[in-house]
1. Hey, can you tell me all the residues within the stretch 92-107 that are part of a loop (DSSP other than H, G, I, E, B) and either over 15 Å from Ile183 (Cβ atoms) or modelled with pLDDT under 95 (or both)?
2. On the given criteria, is Leu239 surrounded by 22 or more Cβ atoms within 10 Å (Cβ to Cβ), within 18 Å of Ala166 (Cα to Cα) and not hydroxyl-bearing (Ser, Thr, Tyr)?
3. Do we have any residue at all in the stretch 217-239 that's at pLDDT 95 or above and on the phi > 0 side of the Ramachandran plot?
4. Could you tell me which of the residues Ala263, Ala229, Ala296 is part of a loop (DSSP other than H, G, I, E, B), under 21 Å from Thr326 (Cα atoms) and out of contact with any Leu (no Cβ under 6 Å at 6 or more places or on another chain)?
5. How about the stretch 109-129: which of its residues are surrounded by fewer than 24 Cβ atoms within 10 Å (Cβ to Cβ) and not in a strand (DSSP E or B)?
6. For the stretch 36-48, give me the residue count where each residue is over 18 Å from Val118 (Cα atoms) and outside any loop (DSSP other than H, G, I, E, B).
7. Take Thr59 and tell me if it is more than 23 Å from the chain's Cα centre (by Cα), at pLDDT 95 or above, surrounded by fewer than 17 Cβ atoms within 10 Å (Cβ to Cβ) and outside any loop (DSSP other than H, G, I, E, B).
8. Out of curiosity, is Pro156 in a loop (DSSP other than H, G, I, E, B), surrounded by fewer than 24 Cβ atoms within 10 Å (Cβ to Cβ) and at pLDDT below 95?
Amino acid sequence: MQGNKSLSHTLVLLAALIFGSILSTGNLFAATLCVNPGGTGGCFSTISAAVTAASPNDTIKVAAGTYTEDVVIGKALSLVGASRSTTIIDATGLSNGVYIDGRDNAGLGNVVVTGFTVENANFEGILITNASDVTVWGNIVANNDKSLQPAIPACPGIPAFETGEAFDCGEGVHLLGVDHSIIANNLVENNAGGILLSDDTGQTHDNLVTGNLSRNNPFDCGIVMASHAPAPGSTAPHLGVVHNTIADNESTHNGFQVPGAGAGVGLFADGSGPGLVSGNVVIHNKLFNNGLPGVAFHSHAPGDTFADNMIVANQISGNSADLFDTATPGPTGINVNSGFGFSPITGTLIAENVINHETDEVALNTPAQVNIHLNNFLDDTVGVDNLGTGTANATENWWACPNGPGGAEECANVGGPGVLFAPWLGAPFK
């Protein structure tokens, strides 16, 4: 009998310890907080107050209305608006609409932001630094970058850790030092630029940008992956924008306000030192009517590393010429260009794209080989134009006619030396 009592006592103590441990693990008892403009019904009246009160892994549900604030998130949580058309974060006069701040909150991850219009910020609508496993989906990000002075260009007041944003105020959505995150199904319009992935504060890697509509952003690209100088205090070289996937987006009519402002998708190093933009995939996007080529590679400095990037199965049409040290002869679908830095852009694969209404459907100026296969060049212009000292393996493409380059008046042609184009396809690739 005494043994049974002792066993029972032990089991009670063990259960108490387990229960106490569970209570101390907040994510097993995540709460749902609410926000509405009047702060009624036990809800908060501001999103920021709810964020402050929330425990890690809580959900904050925000009712329809307009919230004039800069929401800073430094813990794991889900921020859910009632709908993106009715739940407004108006950041007029403020730095950002939403700032997911892993730079000041080490190890930040597991953050969700969905169901909002984010507008009128001085800098980015949504800024994310040094965080993992962030999901930003189903939002409208519009009319941000209000501090931009495009004539200079300059962005007074932007934080010093953003080393390459003086000419665009960080664009609509900006990831710095972010990994394993998803930017999906957002409408990003009328900002300086659309969606920016850069490495100012850390390597930005293994992210997915998918299903977004980035349009009418006048001063920069629809979507850009850019290697910038490291933030002040860092002794590291450029940290890199690597292994990101840009898939199933539409990037239309960006970078149109000033000459040479923005591509549909850009892969850039800013010329401040050895940049790193490698292993990225741009796949199945619609890239139309932008102020630079549909896809533009820009290397500007010796020692840049652009390696093993893939441009696959995109629809590209009606874009503009590249300019300055990466200039092309006319409107261009894809430009792979080392600029005056002459750094080789290596391991580039361009495949299964459909390109039309361009003077140069693919332009090259890099001291390396570019592989170009199974693309449909639909115009009787220049399918592949080699402007530099490298080579192009451009076999098995459709050149707008069965006769191949130069085979008839309606065929696309080859420009420059070092382009291998035979054998070619006798019908469009499907």
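The values are calculated or read from the model by the stated rules, or taken from the named source; none is laboratory data. Worth saying up front: this structure is predicted, and the values here are computed from it rather than measured. Cβ atoms come from the backbone with ideal geometry, glycine included; neighbour counts cover every protein chain shown.
1. The answer is Thr92, Gly93, Leu94, Ser95, Asn96, Gly102, Arg103, Asp104, Asn105, Ala106, Gly107.
2. Answer is no for this residue.
3. No, the stretch 217-239 has no match at all.
4. After applying the criteria, what remains is Ala229.
5. Selection gives Gly115, Asn120, Asn122.
6. The total comes to 1.
7. Here the answer is yes, as Thr59 does meet what is asked.
8. Spelling it out, it is not the case that Pro156 is in a loop (DSSP other than H, G, I, E, B), surrounded by fewer than 24 Cβ atoms within 10 Å (Cβ to Cβ) and at pLDDT below 95.
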